[in-house]
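The structure appears below as structure tokens.
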Amino acid sequence: MNYRVEGQAAYVLHSRPYRDTSLLVDFFTLEWGKCTAVVKGARRPNARLRGTLQPFVSLQSGWRGRQALKTLSGADSVGQMRFLSGNALICGLYVNELLERVLTPFEPYPKLFVYYQYVLNALASGDDIEGALRTFERHLLLEMGYEVDLSQVHDGGHFRYQPGQGFIPLGRAPQKPDSCYFSAKQLQAIGEDHYACDDTRRAAKRLMRMALEPLLGDKPLRSRDLFKKLKE
């Protein structure tokens, strides 16, 4: 593993205190995937990187070290700053938490990195946030090997989704539809990332939540608790 890396495109996913004055920071990077680095002295009041190492800020970063835990050698913000608040902020924390939970350290996901930038831009602009989240979730599942396979879907059918098995065709629409039931029209729209219809949005949210469960396990997402508190 490289001792020194420089000029790496990165975003902060999560940070926490480390020893007396330092931070442990998890980064999502273009070429190295998720990596964790010690940022020495970052918690001191006059630390140069104190305001730079924030979530949703595009960075050029570097680190050194032969072990899994690296030491940050530098980081500079690049491009336009994104300021998220309210629902957009919680959605951003949700996306970061997903990546934090599912990414394998030092395994690159360049396509997912592009979709991450896409969803951050949507959150910052406020344009179709819900549709952007569903698109990101679907491509996250694809990159992690948990693709929602829509190849079984045909026009005019009705389907029940079973995690691990995919979509099971139904002879006709059930009299009492439940959360696992989807129409072909809904699924085709999801496959094309078309979320103009409220019915498609609701269906996509149900489907993505079910599809993510095997990947996330039983541990609840902190960001979902924030959503609930915001609505109270």
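The values are calculated or read from the model by the stated rules, or taken from the named source; none is laboratory data. What you see is a predicted model; the values in this text were computed from it and never measured. FYI the Cβ positions are ideal-geometry reconstructions off the backbone, even for glycines, and counts take in every protein chain you see.
Values computed for the structure shown
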| quantity | calculated |
| --- | --- |
| Residue satisfying condition, being out of contact with any Leu (no Cβ under 7 Å at 6 or more places or on another chain) and within 17 Å of Glu137 (Cα to Cα), within set Leu103, Leu112 | Leu103 |
| Hits in the stretch 206-223 - residues which are touching a residue at least 60 places away in the same chain (Cβ under 8 Å) and surrounded by 14 or more Cβ atoms within 10 Å (Cβ to Cβ) | Met208, Ala211, Leu212, Leu215, Leu216, Leu221, Ser223 |
| Residues being buried (at least 19 other Cβ atoms within 10 Å of the Cβ), among the β-branched types (Val, Ile, Thr) and more than 20 Å from Ala122 (Cα to Cα) - total across the stretch 60-98 | 0 |
| Single residue of Gln186, Gln152 found to be among the polar types (S, T, N, Q) and over 30 Å from Gly86 (Cα atoms) | Gln152 |
| Out of Ser151, Ser179, sole residue that is at pLDDT below 90, surrounded by fewer than 17 Cβ atoms within 10 Å (Cβ to Cβ), touching a helix residue (DSSP H, G or I) at 6+ places or on another chain (Cβ under 7 Å) and among the hydroxyl-bearing types (Ser, Thr, Tyr) | Ser179 |
| Tally of residues being in contact (Cβ under 8 Å) with a residue 60 or more places away in the chain, over 21 Å from Leu69 (Cα atoms) and either crowded, with 21+ Cβ neighbours inside 10 Å or under 10 Å from the mean Cα position of the chain (by Cα) (or both) across the stretch 99-119 | 2 |
| Criterion (of a type in the set (Gly, Ala, Ser) and under 22 Å from Val102 (Cβ atoms)) met by exactly one of Gly33, Gly41, Gly65 | Gly33 |
| Failed item in (1) within 25 Å of Glu97 (Cβ to Cβ); (2) buried (at least 17 other Cβ atoms within 10 Å of the Cβ), with Glu130 passing the rest | (2) |
| Filter result (within 23 Å of the chain's Cα centre (by Cα) and free of Cβ contacts under 8 Å to residues at least 60 places away in the same chain) within the stretch 52-64 | Thr52, Leu53, Gln54, Pro55, Val57, Ser58, Leu59, Gln60, Ser61, Gly62 |
| Among the residues listed as Val38, Val12, the single one being surrounded by fewer than 19 Cβ atoms within 10 Å (Cβ to Cβ) and of a type in the set (Val, Ile, Thr) | Val38 |
| Filter result for the condition that a residue is over 27 Å from Met81 (Cα atoms) and either surrounded by 18 or more Cβ atoms within 10 Å (Cβ to Cβ) or assigned by TED's automatic domain parsing to the domain that holds Thr29 (or both), over Gly166, Gly191, Gly157, Gly171 | Gly157 |
| Residues of the stretch 91-140 that turn out to be under 12 Å from Phe56 (Cα atoms) and out of contact with any helix residue (DSSP H, G or I) (no Cβ under 9 Å at 6 or more places or on another chain), as a count | 1 |
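Quick grid of which residues meet (1) touching a strand residue (DSSP E or B) at 6+ places or on another chain (Cβ under 8 Å); (2) at positive phi; (3) not aliphatic (A, V, I, L, M):
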{"position": "Met144", "(1), (2), (3)": "no, no, no"}
{"position": "Glu147", "(1), (2), (3)": "no, no, yes"}
{"position": "Arg172", "(1), (2), (3)": "yes, no, yes"}
{"position": "Gln175", "(1), (2), (3)": "no, no, yes"}
{"position": "Asp198", "(1), (2), (3)": "no, no, yes"}
{"position": "Arg202", "(1), (2), (3)": "no, no, yes"}
{"position": "Met210", "(1), (2), (3)": "yes, no, no"}
{"position": "Lys219", "(1), (2), (3)": "no, no, yes"}
